[in-house]
1. Which one, Thr51, Ala33, Leu4, projects farthest toward the positive side of the charge dipole computed for region 1-68 from Cβ point charges (K/R +1, D/E -1)?
2. Of the accessible area of region 391-450, with the probe set at 1.4 angstrom, what percent is carbon plus sulfur?
3. What does the accessible area per residue of the chain come to in Å², with a 1.4 Å probe and no ligands, DNA or RNA counted?
4. Specify, per residue and in Å³, the volume enclosed by the convex hull of the alpha carbon atoms belonging to region 223-281.
5. Mind putting a number on the dipole of region 104-151 about its Cα centre? Charges go on the C-beta only, +1 for Lys and Arg and -1 for Asp and Glu, and I need it in Debye to the nearest 20.
6. Based on the alpha-carbon gyration tensor of region 434-559 and its eigenvalue square roots a ≥ b ≥ c, which shape applies: rounded if a/c is under 1.5, prolate if not and a/b is larger than b/c, or oblate?
7. With the cut-off at 1.5 for a/c, could you classify the chain from its C-alpha gyration tensor as rounded, prolate or oblate?
8. Just to be sure I follow the definition: excluding the sites themselves, where is the longest run in the chain that has none of the GluC sites (Glu not before Pro) in a DSSP loop with at most 14 other Cβ atoms within 10 Å?
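The values are calculated or read from the model by the stated rules, or taken from the named source; none is laboratory data. Keep in mind that what you see is a predicted model, and the values were worked out from it rather than measured. As a convention, Cβ positions derive from the backbone with ideal geometry for all residues, glycine included, and neighbour counts pool all protein chains shown. What goes into the accessible areas is simple: the full protein's heavy atoms, side chains included, and nothing from ligands, DNA or RNA. Shrake-Rupley method; radii C 1.70, N 1.55, O 1.52, S 1.80 Å.
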Amino acid sequence: MTRLAGRGVSAGIAIGRAVVAVRDARQVRYRLASSGVDRERQRLKTARQRTRSELEEISSRVSRTVGPAQAAIFAAQLLMLDDPLLAARADELIRQERINADWALERAIGELHAVFAREGDEWLRERIGDLADVRGRLQRNLRPGRDPLIGLIREIEPPLIVVADELPPSLAAQLDWTRVGGLVCDIGSPTHHTVILARSLGVPTVVGLGTATQLIGPGQRVALDGTTGEVVIEPSEEGLERWRQRSEIAKSALRALDELRTRPAKTADGLRIRLEANLEIAEEVGRVKDAGAEGIGLYRSEFLLDTANPDAGSEESQYEIYRSLLEAMRPMPVTIRTFDAGVERVQPRASGHRERFGLRGIRAGLQHDDRFRSQVRALVRASSAGALRILLPFVSSATEMRQARSLIAEIVRETGAGESVPIGAMIEVPAAALTVDHLAAETDFLSVGTNDLIQYTLAIDRTDERLAGHYEPSEPAVLRLLRTIALRSRRARRDVSVCGEMAADPLLVGLLVGLGFRTFSMTPAAIPIVKRGLAALDGRQAADAARRALRARSVDEVDAVLAPMADAMHRAAVDGTAAT
Ligand code: PEP
Ligand code: MG
């Protein structure tokens, strides 16, 4: 048994067999049940045949168009394909060690690579590049046209634990999560989009383990606690029993929270608070309703761009999705945020790096006008199906908001629908927070994205686990900005909600209530927990704590100010007064 300590970012207990996915999940390793051996051998055989015909085709084309000498490169690659140390060795590994074809191939190539590198022969050493080429072709042909993890997850017996170095959100959005018991990542943070997705699907997750993909072997049994961040590899039989008991306790606690579903959220002294839900995958709307949300406060539409369906971003397909979402939630409001994507998602391969500071959100929307136009058209066309609100991400000035609004107004005129759809702005860039009065004049509502607001205010990349300890929602600088937003939006009589992860923490919600916020949007699973916390909160005590927190000089001072409120909430919640 080995115990690892990471960061719990999505609550719950999971026990299952590991599937290890590395290098953006392009390499996936798992152990086969005996029934899977023939299937994997067949996959390898088919991949080899495909690779052979591709190489033959390339070789004869190059011979015709360039010359036989150049075609010899591919003849050498064909020879490698027949090398008994390659495909035959991989086949042997599948049979003997019962490992999946992708992993067997990776191992056989590794062995062959070592032979090539060891030999004194210059010619052989130079063939290493060709070997990499053959490997890439074989790997692609093992899973033509799709990421291997997507198919594998459907094939392996659940529950499984995905152990990844980093799981990109674009891939996470395509997985069948009903078969995944838990997720463990080498890197990651609570506000990474894959983690946000796992949380909203209720998949227990631990991140920031550093070397989990090296320490956890494919097929090993893994138990994890998404609250404490504990991960155990190959627990003993008694250990496993304790993990099962823990899992039962966690589930029964959730059932106890269930009864809060139909009650409105209120503080102990009667302040009415509105709780809405964040949603990433439209088909999951049932979770929103089950949680007792009063609407959708944030639908992250960019996840649509990541689905396996290449047509998913088309106007028609968006229209259908928005319409059914609005119908499912009617009469409750559905706030759909336009694509918060950088050029790498809006125009694949336009940019090799991730867009954290550059061309993303509404900036990308205004520049890549066509994509934005077709999204807005789909939205306004669907608007008659329910109570739609359009939310614009990454707004940094009133001027930008004005431009976006006039473009939307033009589309509304052309389409002849959606005249009365409210249009709001995300406040997630410090510039927007500081000019919220001007922005309020251009918007119908505001939504505070604390995930980004914190990262840009503190200059801390929210996905960089090396800085995780510095990513502090209760930094005085952040609290001052939040207070400014709450005050000025109230003065401008604009609805304002908080939809970042901060709103899912019952204690921090207490602070946010004290700062003046009354509407929150969060992952559905957090709604009953926050409701319970609020029922134990005294609004006056919260306002007093917030006033003092605003004068604090450090996170420690803020924590000290919040401690009595936290204790009182804890006492009331534990006494059960919260549930009444
Ligand atoms: C935020 O920034 O707080 C937010 C809600 O948006 P996202 O997490 O999608 O960036
Ligand atoms: Mg954001």
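1. Leu4
2. Answer for region 391-450: carbon and sulfur cover 53 percent of the accessible area.
3. Per-residue value: 43 Å².
4. 147 Å³
5. Values: 9 positive and 9 negative charges, 70 e Å.
I would put it at about 340 debye.
6. Rounded.
7. Prolate shape, in that a/c is at least 1.5 and a/b is the bigger ratio.
8. For GluC sites (Glu not before Pro) (loop position, at most 14 other Cβ atoms within 10 Å), the longest site-free span of the chain is 420-580.
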